[in-house]
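The values are calculated or read from the model by the stated rules, or taken from the named source; none is laboratory data. Here the structure is a predicted model, which means the values were calculated and not measured. So basically every Cβ, Gly included, is an ideal-geometry build from the backbone, and we count neighbours across all protein chains shown.
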Amino acid sequence: MSSAPRILLCDHRGNAARIGPEALHEAGFDLETSPTLRATLASLARERPDAILLMALARPGTVELSALEHARTGGEQEAPVPILVIAPEGDREAAIRADRLLRSGLWDVVPEGTGAEEIGLRLRRLMDFAQLEGEMRELRHRASHDDRTDLLRPRSFEARLIEHYSAAQRHKHEMALVMIDLDRFGSINKLHDHTVGDWLIERVGEVIRAALRVEDVAGRLGGDEFAVILPYTKKIDAAGVVKRLAEEIAKLSGTPPGAKGHIDVGASIGFETFDGTDLDSVRTLRSHAERALRVAKVQGGNRGVYYRNLEE
């Protein structure tokens with residue numbers, strides 16, 4: 001590393017002197033001492049350190065470990081912040097608690113009284129593992145996500161759709177599938193520079209990501225085709241999401257960089273719901289949403305259509 005690794009030293013009980021923090025500093029670590037759990041969580045929220053050093057974990061210490069486990073995890077492309085626990089002397093269950101509570105991995109336990117040199121070696125090893133895991137996560141993310149929109153690629157989206165359908169069927173909870181197709185996208189690419197079409201796809205991806213909850217799933221299925229899975233969602237709530245998506249996509253109308261003139265942007269959206277019992281397969285769910293999408297397109301686009309309304 002080009003700069004000194006930043007270590008968040010969690011000295012919640014005021015006994016950090018026992019490990020020789022001066023020696024760790026001389027060994028090339030930049031220590032930031034946190035005197036309370038609240039201060040530690042605030043520090044993690046501001047900036048991710050390279051590693052966490054938790055001093056003399058009091059038995060059982062489950063609250064601290066649980067809080068740190070939640071706070072140290074980043075996005076799916078980031079490895080969790082490594083954590084080295086300094087266990088109280090004679091605490092033989094420290095590793096068991098850590099294994100149970102630090103489920104994201106990248107942790108180690110050493111007994112109180114371990115020298116600064118050994119602690120430094122353990123910290124550097126954890127940080128090396130974190131770097132490798134972060135690189136692997138990024139590779140997996142790139143393999144499953146579209147480069148331009150950062151939405152799921154078709155195969156990854158299909159796998160998630162099957163998972164959510166099966167879960168809804170098993171637990172009898174509701175979900176919705178939304179299919180989106182941009183209106184007149186082919187003519188936009190013909191009349192304007194291809195960079196305008198690329199710009200529009202990127203903006204639509206941003207609109208979709210901004211509209212979703214944490215549990216929702218979105219994918220780019222083709223050039224200008226998108227889809228969204230809405231778990232635990234009733235039809236009235238799904239209709240609200242569809243309305244919001246249509247409105248936000250329409251707001252992209254204007255004269256983007258490189259365009260020869262004003263562009264009217266709109267989307268045809270079709271959606272179908274599943275209550276866990278009223279459809280026979282995930283294929284039926286998708287075909288219904290696709291049919292609703294085609295009807296929206298035939299009706300002039302820039303609108304959402306619910307499949308069940310076609311049957312009335």
What are the pairs, 6+ residues apart or on separate chains, where a residue within the stretch 283-304 that is in the same structural domain as VAL265 (by TED's automatic domain parsing) and under 21 Å from GLU248 (Cα atoms) has its Cβ under 9 Å from a residue that is aromatic (Phe, Trp, Tyr) and assigned to a helix (DSSP H, G or I)?
ALA289/TYR307; ALA292/TYR307; VAL295/TYR307
I want to confirm something. Restricting to the stretch 125-148 and keeping residues that are within 19 Å of ILE83 (Cβ to Cβ) and crowded, with 18+ Cβ neighbours inside 10 Å, which single residue is modelled with the lowest pLDDT?
ALA130
When LEU191 is run through (1) over 22 Å from VAL282 (Cβ atoms); (2) in contact with a Lys or Arg (Cβ under 6 Å, 6 or more places away or on another chain), the failure sits at (2)
Does the stretch 97-114 contain any residue that is in a helix (DSSP H, G or I) and closer than 12 Å to ILE52 by Cα?
no
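Scanning the stretch 86-126 for residues that are acidic (Asp, Glu) and in contact (Cβ under 8 Å) with a residue 12 or more places away in the chain, which turns out nearest to ARG72 (Cα to Cα)? Outline the logic, then answer.
Kept after step one, since they are acidic (Asp, Glu), are these residues of the stretch 86-126: 89, 91, 93, 99, 108, 112, 117-118.
Subsequent filtering for residues that are in contact (Cβ under 8 Å) with a residue 12 or more places away in the chain retains 89, 91, 93, 108, 112, 117.
Details: GLU89: 26, ASP91: 24, GLU93: 22, ASP108: 15, GLU112: 23, GLU117: 25 Å.
Filtering the stretch 86-126 for residues that are acidic (Asp, Glu) and in contact (Cβ under 8 Å) with a residue 12 or more places away in the chain, the one nearest to ARG72 (Cα to Cα) comes out as ASP108.
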So which residues in the stretch 21-51 are over 28 Å from the mean Cα position of the chain (by Cα) and in a loop (DSSP other than H, G, I, E, B), if there are any at all?
ALA27, GLY28, PHE29, PRO35, THR36
Hey, can you tell me all the residues within the stretch 76-96 that are in contact with a Pro (Cβ under 9 Å, 6 or more places away or on another chain) and among the β-branched types (Val, Ile, Thr)?
VAL81, ILE86
Can you tell me which residues in the stretch 273-282 are of a type outside the set (S, T, N, Q) and touching a residue at least 40 places away in the same chain (Cβ under 8 Å)?
PHE274, ASP275, GLY276, VAL282
Subset of the stretch 98-112, residues within 20 Å of VAL63 (Cβ to Cβ) and either of a type in the set (Val, Ile, Thr) or surrounded by fewer than 18 Cβ atoms within 10 Å (Cβ to Cβ) (or both), comes to ASP99, ARG100, ARG103, SER104, VAL109, GLU112
If I ask for residues that are under 13 Å from VAL178 (Cα atoms) and not in a helix (DSSP H, G or I), which ones from the stretch 280-307 would you list?
ARG303, GLY304, VAL305, TYR306
